[in-house]
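S.K.: Handing you a structure now.
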Amino acid sequence: MSDKSHVSMEQRVCLVCGQAFDTGAILLNKRLRASMERHTTTGWGLCAEHQKLADDGFVALVECDPQRSRSPGGRLKPEQAYRTGRLAHLKRHVFANVFNVPIDAGQPCVFVEPGVIDQLQAMTPSASS
């Protein structure tokens, strides 16, 4: 017996952490054909944790490995990014000051090369001081 069905639970992949999350939506094959898996990934979004941070005015810096990422034209798309797992969150106004570039209010994250997050940590006073 096939595991396919005419209904599926929608999932998206978080732009920041790369994890799949449920959207709460149910997808339906209008012809009632058993064509869908239990979960169907429909695109990119933000998981609840990273959506809250974006709503609170933070920009996520997502470290990516340039050797493992597939970016032929120089601009890295979410599906091409090989995330290292290292993240940092900066307030939008701090991001604009540190990197000296404005960031669109709707942009939740940027992909950065290895070393950028370490440089930012070196700029902050130590918590143990």
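S.K.: Filtering segment 107-129 down to residues that are assigned to a loop (DSSP other than H, G, I, E, B), modelled with pLDDT of 90 or more and more than 12 Å from the chain's Cα centre (by Cα), which residue is farthest from E63 (Cα to Cα)?
M.R.: G115
S.K.: Test L46 against the stated conditions and say whether it is at pLDDT 95 or above, under 16 Å from the mean Cα position of the chain (by Cα), under 30 Å from H6 (Cβ atoms) and not acidic (D, E). Give the steps one after another, and end with the answer.
M.R.: Values: at pLDDT 95 or above: yes; under 16 Å from the mean Cα position of the chain (by Cα): yes; under 30 Å from H6 (Cβ atoms): yes; not acidic (D, E): yes.
Judged against the criteria, L46 is a match.
S.K.: Determine whether segment 87-95 contains at least one residue that is over 15 Å from A54 (Cβ atoms), of a type in the set (G, A, S) and surrounded by 16 or more Cβ atoms within 10 Å (Cβ to Cβ). Before the answer, list the steps.
M.R.: Going through segment 87-95, the residues over 15 Å from A54 (Cβ atoms) turn out to be none.
Within segment 87-95, not a single residue is over 15 Å from A54 (Cβ atoms), of a type in the set (G, A, S) and surrounded by 16 or more Cβ atoms within 10 Å (Cβ to Cβ).
S.K.: Moving on to the next point. Say whether the condition of being farther than 30 Å from D3 by Cβ, assigned to a helix (DSSP H, G or I) and touching a strand residue (DSSP E or B) at 6+ places or on another chain (Cβ under 9 Å) is met by at least one residue in segment 54-71.
M.R.: Within segment 54-71, one or more residues are farther than 30 Å from D3 by Cβ, assigned to a helix (DSSP H, G or I) and touching a strand residue (DSSP E or B) at 6+ places or on another chain (Cβ under 9 Å).
S.K.: Then there's this: Where the second residue is modelled with pLDDT of 90 or more and of a type in the set (F, W, Y) and the first is in a loop (DSSP other than H, G, I, E, B) and lies in segment 73-99, which pairs have Cβ atoms under 7 Å and are six or more apart or on separate chains?
M.R.: Every condition considered, the pairs that remain are L76/F111; A81/F111.
The values are calculated or read from the model by the stated rules, or taken from the named source; none is laboratory data. Bear in mind that the values here come from a model prediction, so they are computed numbers and not experimental data. FYI the Cβ positions are ideal-geometry reconstructions off the backbone, even for glycines, and counts take in every protein chain you see.
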